[in-house]
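Read through the structure below, which is laid out as structure tokens, and then see the notes.
All of the numbers you see were taken from the coordinates with simple rules; none came from a lab. Everything quoted here is computed from the prediction, not taken from an experiment. Neighbour counts are summed over all protein chains in view; Cβ atoms, including those assigned to glycine, are modelled from backbone coordinates with ideal geometry.
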Amino acid sequence: MSEAQRNLPPVTVETRPFWEACRDGRLLLQQCRGCGHRQFYPRLVCSQCLGRELDWIEACGRGQVESFTIMRQAISPAYRNDLPYVVAIIRLAEGPTMLSNVIDCDPEALQIGMDVELRWATVTDEITLPKFGPA
Ligand SMILES: [Zn+2]
């Protein structure tokens, strides 16, 4: 039986600048030059006005827990040693939401509205994941 693999995000033409910045410890969002809308995840067009002129801006790394769930069963054997862990929607200070994990925190102590800040998790040479911990 082969060793279970963790799911890693694909690096695409849209997401390459984002993942490269993550490796440098910078969290990037996109901001539309036409309407000012800020978005995450990275896309080729603005999700509000379909404009194609998007700039990268650096997020401050602070946010709040908007919603979360505590994972108590592993989706694959690769995640068994992480249990229990938190999957959360983080409302970034800049506006967009991000699906991530809250770490360095007792899952039972987590609350909606809790202030969190970035914690980087290096997974491979190519992928460093933005996660969050109590601020
Ligand atoms: Zn726009």
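Laid out as a table, the results:
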read-out: Residue match in the stretch 86-95 (condition: surrounded by 15 or more Cβ atoms within 10 Å (Cβ to Cβ) and over 22 Å from Gln48 (Cβ atoms)); value: yes
read-out: Criterion: under 30 Å from Gln111 (Cβ atoms), more than 17 Å from the chain's Cα centre (by Cα) and of a type in the set (A, V, I, L, M) - qualifying residue of Ile70, Ile57, Ile75; value: Ile75
read-out: Those residues of the stretch 4-39 which are exposed (fewer than 13 other Cβ atoms within 10 Å of the Cβ), touching a residue at least 40 places away in the same chain (Cβ under 8 Å) and among the charged types (D, E, K, R), in sequence order; value: Arg6
